[in-house]
Amino acid sequence: MEMILRLEDITAFYDHKPAVSNLTMGIEKNRITAVIGPSGCGKSTLLRCMNRMLEEEPGAEVTGNIFLSGKDIRQIPKNELRRRVGLVFQTPAPFPFSIYKNMAYAPKYYGLRDGWKLQELIAEKLKLAGLYDEVKDNLGSSAVKLSGGQQQRLCIARALTAEPDILLLDEPCSSLDIRSAAIIENLLLELKKSYTIVLVTHNIAQAKRLADQVAFLYGGELVEYSAKAAFFAAPRQKQTADFLGGMCG
């Protein structure tokens, strides 16, 4: 499989204290890579390293190298990097204006001015997110009035309007009910046909359902990283087996 993102010896610090240590791994194109581990193990920190969002936080620092399609991400302008590597947060965060303006924000920012093409793009991404039929007659309504599940799908659709190569998802279902979570999971399985997805999740069952590759972090270190079937059926590390068995974390 083609490797789209490569992390080499990544260490991330907050106020000089490492949250992720000496991590090396590769992300395969058009796959879902699940990152699991106990709370505080560095999962979300790792995600924010991948599009340099972590560097925006006071006291944060990242060492090591990350390559996107073979190019060091430090050589890619930040606005272009974040177009190509989109991030959707744990709590749905629609902008406090209309559904349409939420969806139009990124393409307008990146230079799309043709109104007809903009409408086509918005409809396409809302359909991808399974949201179009639910909102097509109310695009002028406030996005914050949508249900939690709808808001999260809107945030995913909004990220897709930038035409990213990689979609980073930080616990996208943790605040949703079972039905909404199931809709999001089905959406992600469909999206991996066109996008590469890195999914941080505390839900082991969700990782089993969705992932092609699974990375297990503990104490900021990458303990194990392998294909899903091998990871869950025959973990190589005792620490991984203990975590999956509920003995740690």
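Considering each of Lys17, Lys43 in turn, give the residue that is over 30 Å from Lys193 (Cβ atoms) and either open to solvent by 70 Å² or more (accessible area, probe 1.4 Å) or at pLDDT 95 or above (or both). Break it down into steps so the answer makes sense when it comes.
Details: Lys43 fails: over 30 Å from Lys193 (Cβ atoms).
Among Lys17, Lys43, only Lys17 is over 30 Å from Lys193 (Cβ atoms) and either open to solvent by 70 Å² or more (accessible area, probe 1.4 Å) or at pLDDT 95 or above (or both).
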Among the residues of segment 48-68, write down those that are open to solvent by 70 Å² or more (accessible area, probe 1.4 Å) and either of a type outside the set (D, E, K, R) or under 17 Å from the mean Cα position of the chain (by Cα) (or both).
Pro58
Collect the residues in segment 130-159 that are open to solvent by 10 Å² or more (accessible area, probe 1.4 Å), not small (Gly, Ala, Ser) and not in a helix (DSSP H, G or I), keeping them in residue-number order.
Lys136, Asp137, Asn138, Leu139, Leu146
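Within the bounds of segment 86-105, is there any residue that is assigned to a loop (DSSP other than H, G, I, E, B) and among the β-branched types (Val, Ile, Thr)?
Of segment 86-105, the ones assigned to a loop (DSSP other than H, G, I, E, B) are 89-97.
Within this subset, residues satisfying the condition of being among the β-branched types (Val, Ile, Thr) are 91.
Checked against the condition, which is being assigned to a loop (DSSP other than H, G, I, E, B) and among the β-branched types (Val, Ile, Thr), segment 86-105 yields at least one hit.
The values are calculated or read from the model by the stated rules, or taken from the named source; none is laboratory data. Values in this document were obtained by computation on a predicted structure and should not be read as measured data. Methodologically, a virtual Cβ is constructed for each residue, glycine included, from the backbone with ideal geometry; neighbour enumeration extends over all protein chains shown. Note: accessible area is taken over every heavy atom of the protein model, side chains too, but ligands, DNA and RNA are not part of it. Shrake-Rupley method; radii C 1.70, N 1.55, O 1.52, S 1.80 Å.
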